[in-house]
1. Would you mind checking the tilt of helix 77-86 against the longest principal axis of the Cα atoms of the chain, expressed as 0 to 90 degrees and rounded to 10?
2. From a point 7 Å beyond the Cα of ALA33 in the direction of its Cβ, which residues of the range 53-67 have a backbone N at a distance under 12 Å?
3. Considering the options TRP27, ASN74, ALA44, tell which one lies farthest towards the positive end of the dipole of the range 18-114, charges being +1 on Lys and Arg and -1 on Asp and Glu at the Cβ, about the Cα centre.
4. Rounded to a whole number, what is D in µm²/s for the range 125-168 from Stokes-Einstein with the Kirkwood radius over alpha-carbon pairs (37 °C, 0.692 mPa s)?
5. Largest first and in whole Å, give the semi-axes of the range 26-102's equivalent ellipsoid, each being the square root of 5 times a Cα gyration tensor eigenvalue.
6. Taking the Cα atoms of the chain, what is the range of coordinates along each of the three principal axes, in descending order and whole Å?
7. Test of understanding: in a Gaussian network model of the chain with alpha carbons linked when under 10 Å, which of LEU99, LEU124, LEU114 would top the mean-square fluctuation ranking?
8. Relative contact order for the range 1-82: what is it in percent, counting Cα pairs under 8 Å that are at least 6 residues apart?
Amino acid sequence: DLKPGNYLMMCARLVRHKGAHTLMHAWKRLKKAHPELVGNMKLAIVGGSAFTDDYTHELEQLAKNEPSIVLTGNQTGETLHSLFSGAYAAVHPSESEGLPIAVLEAMSYSKCVLSSDIPENLELTQDHGLTFEVGNEQDLAKQLKMLLENPELVKAVGSDARIHIAKHYDWKDIAETTD
């Protein structure tokens, strides 16, 4: 029941340090405070358990009575492509990362990414995305509100992100320079 342009997306393994629970709590906070702004918008959590069934069950319980939160499970191929393509924006609330491939992927689809302010995310989103204080549900809810209120900004940041990724993270160019 996800309609293009009508959902925010998080794509990650469902492990605690990726912060899906923080995002879900912030989403619920935003929906309660501003139901008119959230409207029919949904939050899609794309990913599955990585030997973390207890955490996945915790997330299922958080989403249980909230129809605006959709847990899609693991997705690949055309379905994952469609999810990235149709997302209004991407959110990456991780508390710990290497180079976040899901952020690179979202940016390659011209998506505005709202990420936590950990150094690994900031490498990509400080100048080409939006950020919030890691682990801070209130700040995340505030930034989600700002995303929903500013579709022109979301589009502009996404376009800039795509250009940045194409210029600095193109696999063909990387392979040629490391040959």
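Since every read-out is calculated from the coordinates, none of them should be taken as a lab result. Every value quoted in this text rests on a predicted model; they were computed, and no experiment measured them. Glycine also receives a Cβ, built like all others from the backbone with ideal geometry; neighbour counts cover every protein chain displayed.
1. It is inclined by approximately 80 degrees.
2. none
3. Highest projection toward the positive end goes to TRP27.
4. 290 µm²/s
5. Working: eigenvalues 91, 58, 37 Å².
The answer is 21, 17, 14 Å, longest axis first.
6. The principal-axis extents, from largest down, are 52, 39, 31 Å.
7. Among LEU99, LEU124, LEU114, the largest GNM mean-square fluctuation belongs to LEU99.
8. Reported relative contact order: 35 percent.
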